[in-house]
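The values are calculated or read from the model by the stated rules, or taken from the named source; none is laboratory data. Small disclaimer: the values here were computed from a predicted structure and weren't measured. Reconstructed Cβ throughout: ideal geometry from the backbone, glycine too, with neighbour counts over all protein chains shown. The protein model used for the area step is the full one, side chains on, heavy atoms only, and it has no ligands, DNA or RNA in it. Shrake-Rupley method; radii C 1.70, N 1.55, O 1.52, S 1.80 Å.
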Amino acid sequence: MTALMIVLMAGGGVSASAQEGDSGALLGWPTSPASRAPASSADKKSDTKSKPPPSWLDTLTVTGFVEAGSTFNFDNPFNKLNWGHLFTDRANQPQFNAGVLTMQRLPDPKATKDFDFGFKIQTMVGSDARYTHFLGELDYAMRDRTQLDILQAFATAHLPWITDNGFDVKIGQFVTLEGAELVDSIFYSHSYIFNFGIPLKQTGVMISSDLASWLYVHASVMSGDSASLGWPGDNNSAASFQAGLRIKAFDDRLTILGTTHIGPEDPMQLDPLGVGWPNIPYECACDPNRTLSYSNDVTLTWKVTDRLTLSADINYIRDDGWNPLSITGLSEGALSRLADIFGFNAALIPRRPRGVNGYGVAQYVSYKIDDALQINGRVEFWRDHNNFFVGAYPGYFDYTNIEHGFYAPSAIFQPEGRGTSYLEITAGLTITPEIPKGLPITGLSLRPELRYDASLTGAAPFFGASGYRRSTGMFAMDVIVPFTLK
């Protein structure tokens, strides 16, 4: 699968507006083979001929793709779950990950001196939608592993003011700008950083600009990570903020993308009337409208040669509202034992949150053999310092319930009060065979991979045939078929 407006193309010089047009790269799906192919000499010659500019409607496109795949866990988990995964969380069974349809007409990225406007509407059906919902929008519409989702729905305008290249304003619902795998994922399975360390989508307003050929900046005000507006679409009543920049250097061979997301993200636990949620609240020891969450990510991409590309993704995430401690300084367990002995209600003792942290780094390498074959590798270390972020969600609505603040008894987490350090090593191929002309599809991508995960601490979080394990391995593969309707 994955998420987001593309700001970074490895070694490329395409503006952010242009990159938005490639719906195939959204949410970690790879860009289509056609989008990576260089222009032919005939195309270049035709571009030199004078042509009347196309009308606004002529530049509207309708595209899409379908994706399906499967993971084959060598340990045959007793509950059919791959720990540490979201979009590839079902072991030893096929998944229809996504069917995506995109209608868009975006501003011309070359017309920096002219006013232009456009829009993008992107919808999805598939198992990936369990983890990409905007809260309050279709999140309980289908009681099945296959669900519906609105990936993006926004209006955008280019305003030729203030800076030499003008600036863009986007209003609506759109993907965020963090993480290496929100750019052009080279694997079917995702990193711990992608799954648990970055936000995915937002509802709000974003302003961005190419201040120079080497510098792009953006800033957003939003309702929160994957939140819409109002109750129950926003799980608290506070706004969040995101900002970042992209720097290119050495003839665009080095790209640095840095992004920070700050704001209250914990569920409020009460509806606007103060009546309470329909289920037991998922509590935090905090004021959800004041307690901040932070997600910071830096991605570096170095195009060593035309065939070899290296990338590094550095991530830090924190939530100030969890890991509570009694104001007495006693742990929850010790306080409960004293309450049993002396007969008082431990819940009446105020608590204060100490916060939870996660951090790590992922290193990527890809080597292009030819136009049809690429070899890929990924090595990642990620530390869930308080066993708060990494989890498994076997129920259809577990993830959505957690985001809302609803009770989710079937969700699985590691014991609190300890941390787990994860090592993940993945090797795979991207196979993009040439597709004959005249077919309704415009490309084909196959991504087979071998993956190994291990706990570097004493924890045994991975599921096996008869219990829990400290490591696990799998083979996985997906197939992606893009198509164009207009």
Inset, instruction - Return the residue satisfying two criteria in turn: it lies in the stretch 352-382 and is closer than 29 Å to residue 328 by Cα and free of Cβ contacts under 8 Å to residues at least 60 places away in the same chain, and of such residues it is surrounded by the fewest Cβ atoms within 10 Å (Cβ to Cβ). - result: 354
Inset, instruction - Output the number of the condition that residue 187 fails; it satisfies all remaining conditions of (1) at pLDDT below 95; (2) surrounded by 24 or more Cβ atoms within 10 Å (Cβ to Cβ); (3) out of contact with any Phe, Trp or Tyr (no Cβ under 8 Å at 6 or more places or on another chain); (4) among the hydrophobic types (A, V, I, L, M, F, W, C). - result: (1)
Inset, instruction - For the stretch 313-340, enumerate the residues that are aliphatic (A, V, I, L, M), within 30 Å of residue 365 (Cα to Cα) and in contact with a helix residue (DSSP H, G or I) (Cβ under 8 Å, 6 or more places away or on another chain). - result: 317
Inset, instruction - Determine the pairs where a residue that is within 11 Å of residue 128 (Cα to Cα) and assigned to a loop (DSSP other than H, G, I, E, B), located within the stretch 75-92, has a partner that is modelled with pLDDT of 95 or more and among the small types (Gly, Ala, Ser) with Cβ atoms under 6 Å apart, the partner being 6 or more residues away or on another chain. - result: 88/189
Inset, instruction - Report, ordered by the first and then the second residue, all pairs with beta carbons closer than 7 Å, sequence separation of six or more or different chains, a first member in the stretch 136-148 that is under 19 Å from residue 202 (Cα atoms), and a second member that is of a type outside the set (A, V, I, L, M, F, W, C) and open to solvent by less than 40 Å² (accessible area, probe 1.4 Å). - result: 136/228; 136/233; 137/228; 137/233; 138/149; 139/133; 139/400
Inset, instruction - Would you confirm whether any residue within the stretch 118-126 is over 19 Å from residue 219 (Cα atoms) and of a type in the set (Gly, Ala, Ser)? - result: yes
Legend entry - Identity of the residue in the stretch 396-420, surrounded by fewer than 16 Cβ atoms within 10 Å (Cβ to Cβ) and among the small types (Gly, Ala, Ser), that ends up farthest from residue 80 (Cα to Cα): 417
Inset, instruction - Could you look through the stretch 146-180, keep only residues that are at pLDDT below 90 and polar (S, T, N, Q), and pick out the one that is farthest from residue 104 (Cα to Cα)? - result: 163
Inset, instruction - Identify the residue in the stretch 433-480 that is among the β-branched types (Val, Ile, Thr) and modelled with pLDDT of 95 or more and, among all such residues, is farthest from the chain's Cα centre (by Cα). - result: 472
Inset, instruction - Could you please find all residues in the stretch 429-470 being small (Gly, Ala, Ser) and surrounded by 15 or more Cβ atoms within 10 Å (Cβ to Cβ)? - result: 443, 445, 454, 455, 459, 460, 464
Inset, instruction - Check every one of the strands (runs of 3 or more DSSP E) wholly within the stretch 182-275 and list those with 3 or more residues that are over 25 Å from residue 311 (Cβ atoms). - result: 201-212
Inset, instruction - Would you mention how many residues in the stretch 117-145 are in contact with a Gly (Cβ under 6 Å, 6 or more places away or on another chain), assigned to a loop (DSSP other than H, G, I, E, B) and either open to solvent by 10 Å² or more (accessible area, probe 1.4 Å) or modelled with pLDDT of 95 or more (or both)? - result: 1
Inset, instruction - Would you be able to say whether some residue in the stretch 408-419 is of a type outside the set (A, V, I, L, M), on the phi < 0 side of the Ramachandran plot, assigned to a strand (DSSP E or B) and in contact (Cβ under 8 Å) with a residue 60 or more places away in the chain? - result: no
Inset, instruction - Examine the stretch 314-334 for a residue that is in contact with a Leu (Cβ under 6 Å, 6 or more places away or on another chain), within 20 Å of residue 263 (Cα to Cα), of a type outside the set (Val, Ile, Thr) and open to solvent by 60 Å² or more (accessible area, probe 1.4 Å), and state whether such a residue exists. - result: no
Legend entry - Condition check for residue 300: aliphatic (A, V, I, L, M) and assigned to a loop (DSSP other than H, G, I, E, B): no
Inset, instruction - Select, from 243, 239, 155, 219, the only residue that is closer than 23 Å to residue 101 by Cα and without any contact (Cβ under 8 Å) to a residue 40 or more places away in the chain. - result: 155
Inset, instruction - Evaluate the following for residue 94: is it surrounded by fewer than 20 Cβ atoms within 10 Å (Cβ to Cβ) and out of contact with any Phe, Trp or Tyr (no Cβ under 6 Å at 6 or more places or on another chain)? - result: yes
